[in-house]
Each structure stands twice: as C-alpha cells, then as structure tokens.
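The values are calculated or read from the model by the stated rules, or taken from the named source; none is laboratory data. Bear in mind the structure is a predicted one, so any value in this text is a computation, not a measurement. Virtual Cβ from ideal backbone geometry, glycine too; neighbours counted across all protein chains shown. Ligands, DNA and RNA are excluded from the accessible area calculation, which covers all protein heavy atoms including side chains. Shrake-Rupley method; radii C 1.70, N 1.55, O 1.52, S 1.80 Å.
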Amino acid sequence: MKGWPVVVLVGLAFVGVAAAEPRGSGDLGIVIERADGSVLVVDTSARRVLGRIAGLGDLSHAAAVFSPDQRYAYVFGRDGGLSRLDLLEQRLDRRIVQAGNSIGGAISGDGRLVAVANYEPGGVRIFDAATLERVADIPAIGRDGTRSKVVGLEDYGRRRFAFSLYDAGEIWLADLADPQSPRIARFSGIGRLPYDGLVTPDGRYYLAGLFGEDGLVLLDLWQQPPQPRRILEGYGRGEEPLPVYKMPHLEGWAQAGDLLFLPAVGRHELLVVDRRQGFAEVARIAVDGQPVFAVARPDGRQVWVNFAFPANDRVQIVDVPSLATVATLNPGKAVLHIEFTPRSGEAWISARDSGSVVVFDGESLVELARLPARSPSGIFFTARANRMGF
Amino acid sequence: MPRGASLVAVLVLAAAAAGAEEPDPARQAELLHMLRQDCGSCHGMRLSGGLGPPLSPQALAGKDREALVAIVLDGVPGRPMPPWRPYLSEGEAFWLVDRLREGLR
C-alpha cells in the first residue's frame, strides 16, 4: 500500500513531461509589470507572451539578471525583494525580502553569487544564487562615517563587483572570490552624487555618472590599482542645467565600436566619447529630451534613445557613422525601456501608459507585434546572461 | 509692516486661496497618475522612497505645507528634485501636497 501513491505521482509527472516539448531558454525574456508586482515571460522568437508570474512585491523600480544557463531570472524589486523565477516552468521558484529599499543588482561571472544594491540600509548584500541564502553583507559606510545609498552595482567578471556610494561620493570594488571575506578597494573624493554606473562590455572600464557635477568618473579596471579619473568634465560649459524629470540609467548604455554614448545630465544631448582617444569627447548629438536609456542595436550601427518626462512619448534613433538622429518613433505613451533581441535585432519597447510592449524591426522600423502588458517597464532578455555588466 | 513682508503675506494668502481651489476630477486623476508614476521614478511608486526621500504622511509630518509646495514647484537647488512649475499650477501643487500629507489610498 505504501508504494502506490508514489506510482501515481510518477505517472502524473510523466504525463506532465510528455505533454510539453522540452525547450531551450535562449530566446526567452521577461517584461516587468511595475504596478502589479508581476512579470510576463515572453518568447522573443514567437513574439508572444507565454505567461505571467505574480507576487513579486513592489516592482516600481525593478531590474533583472539571469543564471548562466538562462533558466532562472533574478528580479530585484524596489521593496528589497529578491525573486528567483524559473522561466521554463513560468513560476516563482523562491523569494526573499532582503532589505527595505533597493535599486538593482548583479550576478557573478560564475553565476554563483547574486549581489543587490540597497538604499535602505545602504550597502550591498550578496546571496547564494541557488538558495538565496545570504553569504555576505557590505555596509556602505563612507569615509565621513555616514551610511550611503548604493547605486550602479555591476559585475565585471569572476566574482567581482563595482558600485558607487551616492551620498558619500565614493566608488568601491568588491572581490568575492572568498565570500566569507570580501576584499574591498575604496575610492573616495570621486565627485558629488554619483547616480548610476556602467561597465563596458569587455569588463575593462567602470563609469559612474555624477549628478552634482558636469562629468563622469572613469576607472580602468585593468590598472593595478585603478586610478579614478574624470572625463567630460564641465560638459555643461557653465550653462544653467535643464530640469531632470527622470534620472538617466547608465547600465546598458551604448557602446558602438570604440564609441561610447553617454547621457548629459540636465542637457538634451548625447555625449560621444572615443575609447581609443582616452575617452575624449568627439561629438554631441542634440536630442528631444533628457536621455534615460541609449541602447546600441546589436550590430552597433544605430543607437536608440528614450527620454524623461515630458518627451517620454518617443524613441529617437541615432545613426552611428554620421552621428546624427535619423528617425523618431512614437510607440506609445510613457516609453520606459528598449531591449534588442541579440541576433535578429528586433527592438522591444515598453510603453507604460499605453499598456503595450511594441516590437519593431530594427532595420525597416516596421511594427512587428504589439503585446498587451500592464504598466510595462523593464524588458530583459536571457541573452544578458552572457554579457558582463548586464 | 515693511512693504516686502506684506507682499509676501499677500502672496502666501493668494497661494493658500489657490490651494483651496480643487482641480476637477479628471485633472485629479491625471495628477495622481503623475504622482505615482513620475514622482515615483525617484520617490518610489508607493512613495516609500528611492533616490529621493519617502513621501509618506509620517515622513512629511511636521513639515511646513507652503515649504513643501515650494519644493514641488521650484525644486531643490543642487539636488535632483526638479521644478514642476511648468506642469503644475500652485493650486494643483497644494492639492498634491495635501494628498501626500493625508496619505494616498
């Protein structure tokens, strides 16, 4: 008698497996539904929604990273929630609330550690990627002794993370090779109010944007030890800055060939610097508003830009060879994010107040699909699993 | 009373009077949407804080109503808080501050 419930269970499990074809996860992704605390799991090949996973808390500001096998997404919520989603089974695998207020996170190169940047309490917490058990806690206490909000947390290969201290104006590098004793290098006096950071696709450079000054801070992570230095200093040229109705996000900002496209804060411009000329400014491109994201098409031929309120109803396309805007799209109301499929170069764009995700052909600009979503914000494809600094 | 002070008093009274003027229901809905979505970019959609401070009734307790309205309309110099004057009337700013002080449902 003892054995037969097992037989029934095995039988049911077999039926379950037989019903669904096994599938890969390389063309999957998620769309954050910020107002509902849910995400849509999407199939980018079929351009369709596979399902919805709910119960993820406050996703009003949310970001995601992926396990190296592209099966699991780790979603970082505003409320300190860290959720591990199984994309193949479209379910919430596990979830913790690890802090009071968070801004995003990163995953180590080996996929073993997930790091979260926290505003409250200010610092970085590191978790075992499989169990979400906490393995390290790095309070962000600046040189002046005060605790800082952490922004711009990025991985740069192996078990190394870079991040910035918003209030203290510092950049820290943390090496978690031994998670029990993180090795931390601190750089203070880097500038006022670093608001976000990025790592170049090769993991060599960390860049932090400053709100309190016109300029960015650059760290060459190949240098031993790295020496922070200022680039694009005084880009505002003493002009009164324009109001910023939404802070630019730096992660995923465009690198196309040797050129990096960076947001001016309080200017309606993209600043273009050349890596091979010591990050010197080589161009400024006038755009319609305060840039929030600038994303390179996978071939680097174009950069697509969205904007803060009130120009958040459009996407402008910059042609890289000529450094000129060549097209403007109006995908809907309150455009929040742009994500490209890695090979087909299709752009998925979220239009929050239109309740849609709109898919464009990246070359012809033809609209290929329009998927309903509830207040969609961030769009994250599993191809990110293979990229540093995403 | 010095002239400047009386002018300030008149302006404050005018502003307070404007505050009593409620936006119509359609505009109220727009304002609440703006509050959650656009203010929410920095203050959190649940207004529990982000890069900007929380805007809960507890967080705003003891803060001067006019001073809060001035921050909404004119921003905070040197900090990311932008001026909303181009998009809000004084009456609308007063109405929003009052909603925040009593707590959104």
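Miscellaneous remarks
- When region A:98-108 is filtered for residues that are part of a loop (DSSP other than H, G, I, E, B), within 14 Å of chain B (Cβ to nearest Cβ) and not hydrophobic (A, V, I, L, M, F, W, C), only A:G100 remains.
- Residue match in region A:355-369 (condition: open to solvent by less than 50 Å² (accessible area, probe 1.4 Å), under 23 Å from A:L270 (Cα atoms) and in a strand (DSSP E or B)): yes
- All positions within region B:67-105 that are more than 14 Å from chain A (Cβ to nearest Cβ), under 26 Å from A:P241 (Cβ atoms) and loosely packed, with under 13 Cβ neighbours inside 10 Å: B:A67
- Of the strands (runs of 3 or more DSSP E) lying entirely inside region A:15-97, the ones with 2 or more residues being closer than 27 Å to A:L368 by Cα, under 18 Å from the mean Cα position of the chain (by Cα) and within 14 Å of chain B (Cβ to nearest Cβ) are found at A:28-33.
- Restricting A:L113, A:L173 to residues that are under 22 Å from A:G209 (Cα atoms) and of a type outside the set (G, A, S) narrows the list to A:L173.
- Filter result for A:R158 (closer than 29 Å to A:V49 by Cα and of a type in the set (D, E, K, R)): no
- Any hit, region A:338-351, residues being under 28 Å from A:D214 (Cβ atoms), open to solvent by less than 40 Å² (accessible area, probe 1.4 Å) and either assigned to a helix (DSSP H, G or I) or of a type in the set (A, V, I, L, M, F, W, C) (or both): yes
- The requirement of being open to solvent by less than 40 Å² (accessible area, probe 1.4 Å), within 14 Å of chain B (Cβ to nearest Cβ) and touching a residue at least 40 places away in the same chain (Cβ under 8 Å) is fulfilled somewhere in region A:222-245, by at least one residue.
- Evaluating A:F261 against the criteria (1) at positive phi; (2) assigned to a strand (DSSP E or B) leaves one unmet condition, (1).
- Considering residues of region A:341-373 that are within 14 Å of chain B (Cβ to nearest Cβ) and in contact with a helix residue (DSSP H, G or I) (Cβ under 9 Å, 6 or more places away or on another chain) only, the residue farthest from A:V292 (Cα to Cα): A:D353
- For region A:147-197, taking the residues that are acidic (D, E) and either in a strand (DSSP E or B) or within 14 Å of chain B (Cβ to nearest Cβ) (or both), the one that is nearest to B:G49 (Cα to Cα) is identified as A:D167.
- Any hit, region A:163-172, residues being open to solvent by 40 Å² or more (accessible area, probe 1.4 Å) and more than 23 Å from the chain's Cα centre (by Cα): no
- For region B:24-41, the set of residues classified as facing chain A (nearest Cβ under 8 Å) and small (G, A, S) consists of B:G40, B:S41, listed by residue number.
- Residue in region A:126-160 that is farthest from A:P194 (Cα to Cα), counting only those that are surrounded by fewer than 17 Cβ atoms within 10 Å (Cβ to Cβ) and of a type in the set (S, T, Y): A:T131
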